[in-house]
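What follows is one structure encoded as structure tokens, with my remarks underneath.
The values are calculated or read from the model by the stated rules, or taken from the named source; none is laboratory data. All figures in this text were calculated on a predicted structure; none of them were measured in a lab. Here the Cβ is made from the backbone with ideal geometry for all residues, glycine too, and neighbour counts use every protein chain on show. For accessibility, only protein heavy atoms count, side chains too; no ligands or nucleic acids. Shrake-Rupley method; radii C 1.70, N 1.55, O 1.52, S 1.80 Å.
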Amino acid sequence: MVRAKGHDWYSRNFIPRVSPLTLVALLFTIVVMFSLKGGCIVRLPLDVLRIAVPLLIYFVLMFLVSFYMGKKVGAGYSKTTTLAFTAASNNFELAIAVAVSVFGINSGAAFAAVIEPLVEVPVMVALVNVALYFQRQFFREPQPATIEPVLSSFDRG
């Protein structure tokens with residue numbers, strides 16, 4: 001479409017029209033998957049645990065290693081945090097789509113893909129607090145200057 005209509009048209013017209021549809025499609029897929037797999041989640045708590053524990057370890061380990069690497073190479077807090085969350089994130093919407101299309105809705109892969117956001121979301125929220133703690137401990141970035149000292153120097157004449 002970019003070749004036919006140009007980048008400007010694509011960015012200003014097409015993307016704003018399609019973006020809401022993609023969100024609705026994603027939410028629909030998630031609702032359908034949870035409604036179809038909800039019974040399995042309740043019926044098979046040990047299977048849920050066997051999926052959840054490695055995911056928890058993966059998210060935390062990827063976050064910590066990536067955060068350390070970002071800090072080690074000298075990136076600022078915002079870049080380091082972005083790197084860590086990007087590395088730890090697992091793109092569950094893509095995992096759900098692939099699992100269903102390749103293995104089918106009743107597969108173990110689809111079941112695992114449904115468990116993944118149940119683990120990822122609370123872990124990522126907890127890691128926000130870890131990132132804020134790391135900011136206080138390891139980043140001493142200067143705070144933006146306030147306007148008050150500048151104004152007070154003008155008052156003196």
> How much of the accessible area of the range 8-53, probe 1.4 Å, is carbon plus sulfur, in whole percent?
Replying inline: 73
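For the full complex of protein chains and a 1.4 angstrom probe, list F59, F103 by accessible area with the highest value first. If you can, show how the numbers build up before the last one.
On the way: F59 0, F103 130 Å².
Reading off the accessible areas and sorting them downward yields F103, F59.
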> Stretched out fully, how many nm does the piece from Y133 to L44 gain, at 0.36 nm a residue minus the Cα gap?
Replying inline: 28.4 nm
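Looking at the calculated P(r) for the chain, what percent of the C-alpha pair distances fall above 28 Å?
The share of Cα pairs beyond 28 Å in the chain comes to 48 percent.
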>> With every protein chain kept in place and ligands, DNA and RNA left out, what is the accessible area per residue of the chain? Probe 1.4 Å, answer in Å².
In response: 70
>> Please give me the summed charge of the neighbours of K37: other residues whose Cβ is under 12 Å from its Cβ, Lys and Arg +1, Asp and Glu -1.
In response: -1
>> Please list 3J(HN,Hα) in residue order for the range 101-116, calculated via the Karplus relation 6.51 cos²θ - 1.76 cosθ + 1.60 where θ = phi - 60°; whole Hz, with x for glycine and proline.
In response: 6, 8, 9, x, 5, 9, 7, x, 5, 5, 4, 5, 5, 6, 5, 3
>> Can you work out the Karplus-derived ³J(HN,Hα) for every residue in the range 17-27? Use 6.51 cos²θ - 1.76 cosθ + 1.60 with θ = phi - 60°, whole Hz, and x for glycine or proline.
In response: 7, 7, 3, x, 5, 5, 5, 4, 5, 5, 4
>> Once each part is reduced to its C-alpha centroid, what is the distance from the range 23-72 to the range 85-103 in angstrom?
In response: 9
> Assigning unit charges at the beta carbon (Lys, Arg +1; Asp, Glu -1) and nothing else, what dipole magnitude in debye, to the nearest 20, does the chain show about its Cα centre?
Replying inline: 240
> ³J(HN,Hα) across the range 9-15 via Karplus (A = 6.51, B = -1.76, C = 1.60, θ = phi - 60°), whole Hz, x for Gly/Pro?
Replying inline: 4, 4, 6, 8, 10, 5, 4
> With +1 on each Lys and Arg Cβ and -1 on each Asp and Glu Cβ, how big is the dipole of the range 1-92 about its Cα centre, in debye rounded to the nearest 20?
Replying inline: 200
> Is it possible to state the helix-based mean residue ellipticity at 222 nm for the chain, with each DSSP H run of 4+ residues giving -39500 (n - 2.57), the sum divided by total residues, to the nearest 500 deg cm²/dmol? What is it?
Replying inline: -26500 deg cm²/dmol
